[in-house]
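A short worksheet on the structure shown next.
Quick note: the coordinates plus some simple rules give every number you see, no bench work behind them. Worth saying up front: this structure is predicted, and the values here are computed from it rather than measured. Neighbour counts run over all protein chains shown; Cβ positions are idealised from the backbone, glycine included.
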Amino acid sequence: MEELLLSTEHDFARFRRLLDKAPESTIYHTREYVDFVANHLGAESFYLGIKENDRIIGAIPLVLKRNTNLGNIINSNPYYGSYGGLLVHPDLPPMKKAEVKCKLLEFFKHFAMEHDCVLSTIIASPFDRDQTFYLDNLGFNYRDWRVAQVTLISSPGKKSLRESLFYDRFSQSCRRAIRKAEKMGINIGETTEKGAALDEFYKIYRENMESIGASVKDKSFFEKALDTFPKGVCTLRYAKLEGKIIGGIFQFYHRDIIEYYQPAISHDYRSSGATNLLVFHGMLQAASNGYSYWNFGGGGKRMENLYHFKRSFGAIDFIYHYFITAHADDTHIKELELADLAREYPGFYVIPYSELY
């Protein structure tokens, strides 16, 4: 086994084969997404790998943000709701997997130190069922966590897809909301192109975020995503009533997972059931195309209403952790205000807010 900083198209072809196999793999690990986000954030993407017999058997993608004033930081991976962490070939025997993971973590730490990082963060994939490995082997300084909520949408067997999801997965309140939206005459559409639908979606999304004082993604992020990713990997699903777009969901597709990346609903139609209908149509389409998981993504620790909304679709909890390592004295980071962190490291996770002075 040898360490390898992936750089050639041959390297990335082997990396793609690992992504197709590794159970931890999400859209957020792919070269397309990591490079896209790094470019959007004015940062640099890197891919650390472990090679054996011309095969990549383990890897970790990361993004480096340089800051000459406060110190560089690394995320695997940055930007709202993204994951990263270790990818290991599933065919390896248990002892070999552990060896590969250890080598990757050491490689990651050396890389952080060689690039003068003050802090690094690994955000483990919620589909990684062995996150205790980080607890036992990383030697981190801080830890944070989130809850990803995931609905299993695989083939229903003898039942129709609609029956399987509607009655076996969804709660009664969720079913009522879907029926209400259908009776109102709300229609569902989908696009992979920029244009009027995205313009209306973004206007609603921005209003939603500003009303709760949350960070707003630039419109260019959504526009460039639709332009950059291969057709079908990134889509906008939208709801229309009487010719007017009233909500939507920005989605990513990877392997057997659909990422419910960014929803938005017009304030006047929050009780219409439109978002429930959007999700239902998305799940039906995904299941019919062989997808297995609808990932609602992670939420904070006090977002109770959102948690119960996702739960109404039969979503179950996948806990995932943020492992933060200090590679130098980080006192000056802890003395910063939240606004300072957002300005100096936009889109990056830096340190748990509870650690700030």
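Structure summary
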| item | result |
| --- | --- |
| Rounded tilt (10° steps) of 9-21 against the dominant C-alpha axis of the chain | 60 degrees |
| Length added when fully stretched, S354-E106, from 0.36 nm per residue minus Cα-Cα | 86.6 nm |
| Ranked by how many other beta carbons lie within 10 Å on average, peptides 80-86, 123-129 from highest | 80-86, 123-129 |
| Most fluctuating residue given options K219, K183, K109, as computed from a GNM of the chain linking Cα atoms under 10 Å | K183 |
| Per-residue ³J(HN,Hα) for region 84-98, Karplus 6.51 cos²θ - 1.76 cosθ + 1.60, θ = phi - 60°, Hz, x for Gly and Pro | x, x, 6, 10, 9, 4, x, 7, 6, x, x, 5, 5, 4, 4 |
| Degrees between helix 31-40 axis and first principal axis of the chain (Cα, 0 to 90, nearest 10) | 90 degrees |
| Neighbourhood charge, 13 Å Cβ-Cβ cut-off, centred on K97 and excluding it, Lys, Arg +1 and Asp, Glu -1 | -1 |
| Structure-based [θ]222 nm, the chain - -39500 (n - 2.57) summed over DSSP H runs of at least 4, per residue, nearest 500 | -10500 deg cm²/dmol |
| Kirkwood estimate for the chain, i.e. one over the average of 1/r between Cα atoms, Å | 21.4 Å |
| Separation of alpha-carbon centers, region 325-344 and region 216-269, rounded to whole Å | 33 Å |
| Inverse of mean 1/r across different Cα pairs in region 154-291, Kirkwood, Å | 15.6 Å |
